[in-house]
Amino acid sequence: MSRKTSGWVVVGKKEILKTPYVSFEAWQVRHKTDASNTLRDFSMVLARDYIAVIGRTETGQAVLCIEDHVADGLDLQVACGAINKGETALAAAQREFGEESGWHAQQLIPLGAAIPQNDRIVSATEGNDGAKTCYMFLATGLTPDKQRLEPSEKIRPILVPWDEAVRAAWSGEVIGSAGLALTDMGSRLILLLADHALKSNV
């Protein structure tokens with residue numbers, strides 16, 4: 001995605017911290033309507049675009065993941081992850097879904113793209129000079145595979161009846177078998193989009 005036309009002009013950048021996943025920069029910016037006023041140390045986060053995938057089994061089960069995050073503990077969400085350099089969103093979706101869920105998808109149906117926050121988080125992905133973007137997919141034709149987690153990932157995949165998962169996405173109620181609610185707005189959105197796509201025979 002490209003950044004929309006803006007009146008703000010970046011006149012300088014200073015890198016504060018760079019990691020494999022995210023970078024922090026201080027920008028100097030000024031607006032075209034007020035060239036005398038330069039904002040210094042305008043903090044910006046650069047992060048790679050990412051994918052989010054909801055799986056549906058042949059028996060009508062939603063594939064969700066319970067992940068133990070360092071920052072906020074247990075969370076119920078869909079499989080998601082960053083797009084690697086030189087990787088397409090589709091390839092990243094296939095890889096991340098398999099790694100985190102332990103299922104192989106024969107088909108990945110695009111559900112569109114969304115910008116979770118467009119104020120101070122910009123994309124670090126080549127070809128995207130706009131905000132960090134999430135590409136969403138529905139995975140079908142699933143066959144059991146093996147999880148391939150990174151050392152920092154503690155993820156347990158679970159199967160939830162599709163209709164129960166969709167109701168939880170609408171209401172925010174706790175899913176009984178998980179003992180957790182879908183609090184992540186991105187996971188709730190992708191479930192609703194996937195349900196609409198299935199009912200529309202997309």
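The values are calculated or read from the model by the stated rules, or taken from the named source; none is laboratory data. Small disclaimer: the values here were computed from a predicted structure and weren't measured. Heads up, the Cβs are rebuilt from the backbone with ideal geometry, glycines too, and the neighbour counts pull from every protein chain shown.
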So, in region 149-166, of the ones that are at pLDDT 95 or above and out of contact with any strand residue (DSSP E or B) (no Cβ under 7 Å at 6 or more places or on another chain), which residue ends up nearest to GLY112 (Cα to Cα)? VAL166
Enumerate the pairs (first residue in region 7-29 and at pLDDT below 90; second residue anywhere and exposed (fewer than 11 other Cβ atoms within 10 Å of the Cβ)) with beta-carbon separation below 6 Å, excluding pairs fewer than 6 apart on the same chain, so at least 6 apart or on different chains. GLY7/LYS32
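Being in contact (Cβ under 8 Å) with a residue 60 or more places away in the chain, under 14 Å from VAL53 (Cα atoms), in contact with an Asp or Glu (Cβ under 8 Å, 6 or more places away or on another chain) and surrounded by 15 or more Cβ atoms within 10 Å (Cβ to Cβ), is that true of even one residue in region 175-183?
Within region 175-183, the first condition is being in contact (Cβ under 8 Å) with a residue 60 or more places away in the chain, and the residues that meet it are 175, 178, 180-183.
Filter again for under 14 Å from VAL53 (Cα atoms), leaving none.
Scanning region 175-183, I find no residue that is in contact (Cβ under 8 Å) with a residue 60 or more places away in the chain, under 14 Å from VAL53 (Cα atoms), in contact with an Asp or Glu (Cβ under 8 Å, 6 or more places away or on another chain) and surrounded by 15 or more Cβ atoms within 10 Å (Cβ to Cβ), so the answer is no.
For ARG3, are the conditions met, namely being at pLDDT 90 or above, among the charged types (D, E, K, R) and surrounded by 12 or more Cβ atoms within 10 Å (Cβ to Cβ)?
No; evaluated as a whole, the condition is false for this residue.
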Residue check for THR33: surrounded by 14 or more Cβ atoms within 10 Å (Cβ to Cβ), more than 22 Å from the chain's Cα centre (by Cα) and without any contact (Cβ under 8 Å) to a residue 40 or more places away in the chain: no
Just the residues that are loosely packed, with under 11 Cβ neighbours inside 10 Å and under 23 Å from ILE190 (Cα atoms), please, taken from region 115-129. GLN117, ASP119
Would you mind stating whether ASN84 is without any contact (Cβ under 8 Å) to a residue 40 or more places away in the chain, of a type outside the set (A, V, I, L, M) and in contact with a Lys or Arg (Cβ under 7 Å, 6 or more places away or on another chain)? no
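How about region 97-143: which of its residues are among the small types (Gly, Ala, Ser), outside any strand (DSSP E or B) and at pLDDT 95 or above?
Residues of region 97-143 among the small types (Gly, Ala, Ser): 98, 101-102, 105, 112-114, 123-124, 127, 130-131, 139, 141.
Those left that are additionally outside any strand (DSSP E or B): 98, 101-102, 124, 127, 130.
Result: GLY98, SER101, GLY102.
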For the list (1) modelled with pLDDT under 95; (2) surrounded by 13 or more Cβ atoms within 10 Å (Cβ to Cβ); (3) of a type outside the set (Lys, Arg), I need the number of the one condition that ALA91 fails. (1)
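Restricting region 52-73 to residues that are in a strand (DSSP E or B) and out of contact with any Lys or Arg (no Cβ under 9 Å at 6 or more places or on another chain), which is surrounded by the fewest Cβ atoms within 10 Å (Cβ to Cβ)?
Restricting attention to region 52-73, the residues satisfying the condition of being in a strand (DSSP E or B) are 52-56, 61-69, 73.
Narrowing further to those that are out of contact with any Lys or Arg (no Cβ under 9 Å at 6 or more places or on another chain): 52-56, 61, 64, 73.
On the way: ALA52: 24, VAL53: 30, ILE54: 29, GLY55: 27, ARG56: 22, GLN61: 17, LEU64: 27, GLY73: 8.
The selected residue is GLY73.
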